[in-house]
Amino acid sequence: MKNLLFFAFAALVALASCQPQAASFKLTGQLEGAADKVVVISIYDKDGVNVKDTLTITEGVVNYSTELTEPVFVLLGEADSRNTINFFADNVEYTINGSLDKIAEADLTGGAVFTVYKSVSDALKEVGEKNDELKKAYGEAGQAGDTAKQKAIYEEYQANQESVENIQMDVVKANPTSPASAFIVNNVYRHKTVEEMKEGLALLDPTLNTSTYYVALSEKIEKLEAVAVGKMAPDFTMNDTEGNPVALSSFKGKYLLVDFWASWCGPCRRENPNVVKLYAEFKDKGFDILGVSLDQKEDAWLKAIQDDQLTWNHVSDLKGWGCEAAKLYAVSGIPHTVLLDKEGMIIAKNLRGEELHAKIAELLN
């Protein structure tokens, strides 16, 4: 099955590559139900999803064009809605026919990079539909008290989940020069280890090294290497809860836990009681904490500090995921912790709960 997928993807791309190139990205067709609604096209780049343009659709007719600086992943749909059709676009002619209300199901055709990514999205959609069926069957087996059947269904579900990455990597290996492959590699590898990220980039042809998605993963590797265990922690300054600037370097002389969190982060809030106990036990023994919030709303940030009784130092630039310190430390998920020694060297990362307590006790008891 795996080999069949591989050759099918390669054949699709070979056919698509014969399509004539255009000077711009052109989207034409019919999109019913778009009257009096704002339809936007957004681009997903290394800074996230950003609206590029608004489409004017008259009597359901789509006739839009723009020049893309490079092939990119785009989302098309009604403004402020999760109902979008997502695809890879470049400067060729695309057609779309369907309904705005069910735009994800619209018939869309495009060029070579579109075909590469569509082969992935179609295969993953099939896996998702199969998993939905398995979830339903698992529930029915549970109601019938058939634990043996539940076990078999769960194993099949896990196998399907594990196949997701293989499906994507098969496409990348078949199309190492496609910009869509750079996007796929970035998505699959950006939460992995530095070494795994490098392995992912090695699957891509060097001609892709200027792609937004190749650059994004390369930059993340550089940032992670700069904040690896054994490196001196990069300094930063950010305002505290009263608007006073606080520098990371001002905490030298103590073991310091830099705790990236946010009021809206459930796992962070659940971990806070453990951190409160840790601080109470070791704050008089040469241990301190600097909370770095990824909040955007000051009131929510301050309320969470008070509600959770977080009595240590807190800073934030209230930029959410745009937090400058979080970007400096390549934070991709929270809670995220960085433990520094008395000289400001990084000695551990992402310790929580009992593991964190054991490490601090080892250092200070």
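Read-outs: derived from the displayed coordinates by stated rules, not from any lab. Everything numeric here is computed off the predicted structure, so don't read it as measured data. Virtual Cβ from ideal backbone geometry, glycine too; neighbours counted across all protein chains shown.
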field: aspartates and glutamates whose Cα lies under 19 Å from that of Lys136, excluding same-chain neighbours fewer than 8 positions away
entry: Glu126, Asp146, Glu155, Glu156
task: Just list whichever of Lys52/Lys135; Lys46/Lys283; Lys223/Lys319 have alpha carbons separated by over 31 Å in the model shown.
output: Lys52/Lys135; Lys46/Lys283
query: For the Cα atoms of the chain, what angle does the longest principal axis make with the long axis of helix 147-174, in degrees from 0 to 90, nearest 10?
result: 70 degrees
message: Here are a few candidate values for P(r) over Cα pairs in 20 Å bins from 0, in percent: [x] 28, 59, 12, 0; [y] 27, 49, 22, 1; [z] 23, 46, 29, 2. Which one was actually calculated from the structure I just gave you?
response: [z]
query: Can you tell which of Ser181, Ser119, Ser24 shows the greatest fluctuation in a Gaussian network model of the chain with Cα springs below 10 Å?
result: Ser24
- prompt: Just from its helices, what would the mean residue ellipticity at 222 nm be for the chain, if runs of 4 or more DSSP H residues each count -39500 (n - 2.57) and the sum is divided by every residue, rounded to the nearest 500 deg cm²/dmol?
  reply: -14000 deg cm²/dmol
- line: Relative contact order in percent for the chain (Cα pairs under 8 Å, 6+ apart) equals 12 percent
- request: Count neighbours as other Cβ atoms within 10 Å of each site's Cβ, and list the trypsin sites (Lys or Arg not before Pro) in segment 61-155 that are DSSP loop with at most 13 such neighbours.
  value: Arg82
query: In percent, what relative contact order does segment 109-237 have, based on Cα pairs under 8 Å that are 6 or more apart in sequence?
result: 22 percent
message: Can you tell me which lysines have their Cα less than 19 Å from the Cα of Lys102? Leave out same-chain residues fewer than eight positions away.
response: Lys37, Lys118, Lys125
field: Where labels lie 7 Å past Cα in the beta-carbon direction, separation of Glu354 and Lys303 in nm
entry: 3.5 nm
- prompt: What residue among Glu133, Glu343, Glu67 has the largest mean-square fluctuation in a Gaussian network model of the chain, using Cα springs under 10 Å?
  reply: Glu133
query: For the chain, what is the charge dipole size about the Cα centre, in debye to the nearest 20, if Lys and Arg each add +1 at the Cβ and Asp and Glu each add -1 at the Cβ?
result: 700 debye
query: How far is helix 112-143 tilted off the main Cα axis of the chain, in degrees rounded to 10, range 0 to 90?
result: 70 degrees
message: Which residue fluctuates most in the GNM of the chain (Cα springs below 10 Å): Tyr154, Tyr64, Tyr213?
response: Tyr154
